1. Taking the stated definitions as given, is W39 within 19 Å of D124 (Cβ to Cβ), in contact (Cβ under 8 Å) with a residue 24 or more places away in the chain and in contact with a Phe, Trp or Tyr (Cβ under 9 Å, 6 or more places away or on another chain)?
2. Considering only the range 83-121, state which residues are farther than 21 Å from L22 by Cα and either touching a His at 6+ places or on another chain (Cβ under 9 Å) or free of Cβ contacts under 8 Å to residues at least 60 places away in the same chain (or both).
3. With the requirement that a residue be surrounded by fewer than 16 Cβ atoms within 10 Å (Cβ to Cβ), in contact with a helix residue (DSSP H, G or I) (Cβ under 8 Å, 6 or more places away or on another chain), at pLDDT 95 or above and outside any loop (DSSP other than H, G, I, E, B), what does the range 66-105 give you?
4. Somewhere in the range 174-186, is a residue out of contact with any Lys or Arg (no Cβ under 8 Å at 6 or more places or on another chain) and within 26 Å of R68 (Cα to Cα)?
5. Determine whether K28 is basic (K, R), closer than 25 Å to I150 by Cα and without any contact (Cβ under 8 Å) to a residue 12 or more places away in the chain.
6. For the range 35-62, give me each residue that is over 15 Å from the mean Cα position of the chain (by Cα) and within 23 Å of D118 (Cβ to Cβ).
7. Name the one entry in F71, F48, F8, F60 that is over 20 Å from W107 (Cα atoms), in the same structural domain as R113 (by TED's automatic domain parsing) and touching a His at 6+ places or on another chain (Cβ under 9 Å).
8. Within the range 164-195, which residues are in contact (Cβ under 8 Å) with a residue 40 or more places away in the chain, among the polar types (S, T, N, Q) and surrounded by 11 or more Cβ atoms within 10 Å (Cβ to Cβ)?
Amino acid sequence: MAKELQIFLLWNKARQEEKSILDDIKKKYEVLRIFEIHWPEESFPNNFTRFYNKNMRGGFHKTYECGRGKFLLITAWDKSPIYKLNPRRGYEINDNAIRNKNLYRQWTGGGFRVHASDNLAEVDENLLLTLGINRLEFEEKYTTPWDGKIIEIDKPMPGYKSWKHTEELFNFAHRIKEITKLRLQDNTLELCCSDMQKIRRFLNLRKPLFCFRPNTYYTRVGGKKLKVILKN
């Protein structure tokens with residue numbers, strides 16, 4: 001099988017074992033780029049909720065377990081991915097990623113302080129929510145081997161609290177393959193998609209108070225509410 005992009009995330013409370021984990025990754029993978037990402041501390045519960053597809057209570061639990069400080073995003077080539085069917089999930093996952101993730105979690109005291117993408121769809125999701133680009137864009141941008149330097153990124157997750165402007169929102173939305181159509185008219189964004197749950201999470205959509213209309217949400221653009229209607 002051709003080499004595939006692999007992602008590991010060392011959340012802040014995993015970084016006490018950073019050197020050991022990086023040394024092991026270098027032995028097993030071809031490191032492409034490493035980023036040190038700094039999100040605003042108050043954003044972590046919301047960010048974990050979006051990243052892991054949890055409810056907000058789950059986001060607070062992840063924050064307590066993983067920490068609020070700077071974390072590492074490690075991208076590398078897996079030259080020999082091994083896919084196996086996961087009966088619980090109902091699809092194939094990269095066994096290399098799972099085995100190494102579990103190993104690094106043992107090194108960091110158990111729990112979920114280390115994350116790994118277990119297939120290419122998850123690579124796409126992880127890159128979008130951390131760097132704001134998809135896998136193909138990433139692979140086109142970073143073509144040379146890692147030079148040993150860690151790239152520092154100090155900015156919130158895309159769309160946290162508010163999108164800066166509609167252009168930022170649209171650029172992000174166009175990178176999500178489940179979205180098939182976008183139309184902005186009369187301060188209402190109509191959006192056709194194949195996975196409403198994912199779109200609510202990725203675009204940080206909220207349900208208006210006392211609104212009982214199905215598939216009607218809002219997001220913030222430039223600090224102001226924008227009505228969003230989801231359609232299949």
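1. no
2. We begin by selecting, within the range 83-121, every residue farther than 21 Å from L22 by Cα; these are 83-93, 120-121.
Within the range 83-121, K84, L85, N86, P87, R88, R89, G90, Y91, E92, I93, A121 meet the criteria.
3. L103
4. For the range 174-186, residues out of contact with any Lys or Arg (no Cβ under 8 Å at 6 or more places or on another chain) and within 26 Å of R68 (Cα to Cα): absent.
5. no
6. Correct list: N55, G58, H61.
7. F48
8. Passing the criteria: T166, T188.
The values are calculated or read from the model by the stated rules, or taken from the named source; none is laboratory data. Everything numeric in this text was worked out from a predicted model, so none of it was measured. Reconstructed Cβ throughout: ideal geometry from the backbone, glycine too, with neighbour counts over all protein chains shown.
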